Amino acid sequence: MAKKLPLLALSAVAGLAVVITSLRAADAPAAPTAPTAPTAPSTPAAPSAPTVPSAPSSPGNVSPAPATPNSTTPDPTKPDLSKLPAASDKKGLTFDKDILPILKASCSGCHIGSANPRSGLNLGTLPTALKGGTKTKDKDIVAGHGDQSFVLLYAADLVKGKEMPPLSGRTAHPAIKKEDLALIRAWIDQGAK
């Protein structure tokens, strides 16, 4: 019996090592494997002693993998484009005639009429508006793509913390109305001319 006890303990340790190795392998990314040649059958291993699950607070427990977001969970870093108003069906929109009056109502003081516009974005003229600001230069107005233009995404309140006009200043500068956002989107989609 004295000889069987160390053998039984050794079997239990070997069984635990197999469990730990398989848990580590499950957490590791799969690497591509090359085809292997057939091998001779191996000899059966000695039966191992049953393992007892450890208590939840014991060291060495493996935490379950974090839940992965499903397709219905919104990504907080990306705007929800389904909330962006559809483009107006009005054709032939121009900056001076159709868009500038909308921008003057909500963007004056910060982006129109200031010698030093916020973020370097001057929306007072077509050339300066298309130039973009100092932070998001090529993405403020992306001609042909209203859904990629920060001016529209920010004005539609789709980017948390970047709402334009800022939420705190909406008494002096009102939010742009949904129908006006649709005109801005149509203007950008039509080439921002």
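Points worth noting:
- Of all residues in the range 81-90 being part of a loop (DSSP other than H, G, I, E, B) and surrounded by fewer than 13 Cβ atoms within 10 Å (Cβ to Cβ), the one that is farthest from the chain's Cα centre (by Cα): LYS90
- The residues of the range 154-172 that are farther than 11 Å from PRO79 by Cβ and in contact with a Leu (Cβ under 8 Å, 6 or more places away or on another chain) amount to a single one, ALA155.
Per-residue answers, yes or no, for (1) farther than 22 Å from ALA182 by Cβ; (2) surrounded by fewer than 15 Cβ atoms within 10 Å (Cβ to Cβ); (3) out of contact with any strand residue (DSSP E or B) (no Cβ under 6 Å at 6 or more places or on another chain); (4) not small (Gly, Ala, Ser):
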| position | (1), (2), (3), (4) |
| --- | --- |
| GLY120 | yes, no, yes, no |
| PRO127 | yes, yes, yes, yes |
| THR134 | yes, yes, yes, yes |
| LYS139 | no, no, yes, yes |
| GLY144 | no, yes, yes, no |
| ASP147 | no, no, yes, yes |
| PHE150 | no, no, yes, yes |
| LEU158 | no, no, yes, yes |
| PRO165 | no, no, yes, yes |
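- Members of the range 165-189 that are among the hydroxyl-bearing types (Ser, Thr, Tyr) and not in a loop (DSSP other than H, G, I, E, B): SER168
- Whenever a residue of the range 97-110 is free of Cβ contacts under 8 Å to residues at least 12 places away in the same chain, its partners that are among the β-branched types (Val, Ile, Thr) and surrounded by 15 or more Cβ atoms within 10 Å (Cβ to Cβ), lying with C-beta atoms within less than 7 angstrom and at least six residues away or across chains, give the pairs LYS104/ILE112.
Coordinate-derived values only; no laboratory data. Since the structure is predicted, the reported quantities are computational estimates derived from the model, not experimental observations. Ideal geometry is used to build each Cβ from the backbone, glycine not excepted, and the neighbour counts take in all protein chains shown.
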